[in-house]
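The values are calculated or read from the model by the stated rules, or taken from the named source; none is laboratory data. Only a predicted model underlies this, so the values are computations on that prediction, with no experimental measurement involved. For neighbour counting, all protein chains shown are included, and Cβ atoms are generated from backbone atoms with ideal geometry for every residue, glycine included.
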Amino acid sequence: MVVTQRIADLFLVVVSFILAYLLKKYVFPGSLKGLSPTPSYYVILLLTVMIWYLILSWMGDHGQNRLQPFPVILWKRLKMTGVAMVALVSALFILKITEVSRVMIGSFFVINAILQSVGKWVVIRFSASYRKKGFGQEAVLVVGSRERAKTMIDTIFDDEEVRYKVIGCLDPDPLAEGLEISRGVKVIGNLERLPTILRGQVVDGIVIAMPLRMLEEAGRWMSVAEQFGVWVRIVPDWQIHSIMYRPKVASIHIDSFLGVPVLTLITTTQKQGSMLAKTVIDYVFTGLVLFLLLPVFAAIAFTIKVTDRGPVFFRQERVSLRGRPFMLYKFRTMVVDAEKKTDELKRLNEADGPVFKIKRDPRIIPYIGHFLRRTSLDELPQFLNVLKGEMSIVGPRPPIPSEVNEYEDSWRRRLSMKPGLTCLWQVAQNRHDLKFGEWMSLDLQYIDSWSLWMDIKIMFQTFIVVLSGRGR
């Protein structure tokens, strides 16, 4: 959500600049109308976006979406816009960019402040309404059953943006099971059940709301959470030294959780700027692909329909972020009843682990099915999944639920990042010879060393693989 808000804010900056430019050039009356051909306002727009990005990162209230009166939001945005304007004017002076229209810059300031305020107000109310319907919430386990746990549950329920839902409490005391803590939230088991719950339910995070000195083997439970790629937030009594836990891949930092200072352990990247760029690339690139390749989509759909009577698309349940199910789309490359024949062919499986693969699969539609698979064109409809926010362009490939059920605990952390159309395995030279455990290691390597440059390299390498016909 933070990334989405920042994209929206930058979009409004661009819209405000363009509106101010058009007003000054074509609309304002008399001598106020018109702009000189110099300086280049394209350069000034680029400079403006860069400055606003830095100011939004520094002063932006992303993630602090309390329902506030519009005048309060307007005042905050006026202050932020004022600081950004001072920075912009200073940059223009330092770079010796002269003859910039003061009327246009002043118009931009007013329009931007108003649009930013209205945008923020709309986002807050839309987000709250959206999440009240159960969408976009993070599922949270609370560790503890006493006053501190009760206070944290009440804080989560009172959050006006409804960002989290509590699925239950865990307590070291097995006799506490079934005890209602607050707001209908009950103790659903003791801590020994944690691995079982993480395997069987969608859990995004764990809030430890009890003194660490009372939590035996705290390091063990944090290690379990780290294995599964689940974030951990510790409500402070700041006795972290008592558990002597050293995470293998997770980072530890002080954070704010619904206004409460907490110690956070998280296994995914915290490069917010790069993640923002990744999201922008996902949506912009996907939009371009769907627009430019529409004739290709139509041709493939027609060929499938003519060659093998049946649906054009193959829909299959896959697993997304932290176990969330979704429907993945592909062009159908197999006969209509292919999945029913899987059991008959299991003895021919050439892959180890829970994956099912056959090089000469008799279920594939002749000619068109083989062509689509060899060129990876059957994957094109997954751009629709990217557009829906269920996938990214680059990320671990989305598994089917039966595969996830057979994962070792150390592999489940691959579900801590949004799945992608392509990944390190997809571009590996010897990918068909890799064992399942090596595939999992590649995905974990991607998560642990993720960077925007890595995504760009994988996208380029995937393009080469598709052109060379080295698909499945």
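Consider the stretch 392-402 and keep the residues that are touching a residue at least 60 places away in the same chain (Cβ under 8 Å) and within 14 Å of Arg322 (Cα to Cα). The one that is surrounded by the fewest Cβ atoms within 10 Å (Cβ to Cβ) is Pro401. Can you tell which of Leu415, Leu444, Leu421 is part of a strand (DSSP E or B), surrounded by 15 or more Cβ atoms within 10 Å (Cβ to Cβ) and within 25 Å of the chain's Cα centre (by Cα)? Matching residue, one of Leu415, Leu444, Leu421: Leu421.
Residues that are assigned to a helix (DSSP H, G or I), under 23 Å from the mean Cα position of the chain (by Cα) and either at pLDDT below 90 or over 16 Å from Gly168 (Cα atoms) (or both): does the stretch 235-246 have at least one? Checked the stretch 235-246: no residue is assigned to a helix (DSSP H, G or I), under 23 Å from the mean Cα position of the chain (by Cα) and either at pLDDT below 90 or over 16 Å from Gly168 (Cα atoms) (or both). Residues satisfying the criterion are present in the stretch 109-121 (criterion: among the small types (Gly, Ala, Ser), in contact with a helix residue (DSSP H, G or I) (Cβ under 7 Å, 6 or more places away or on another chain) and at pLDDT below 80).
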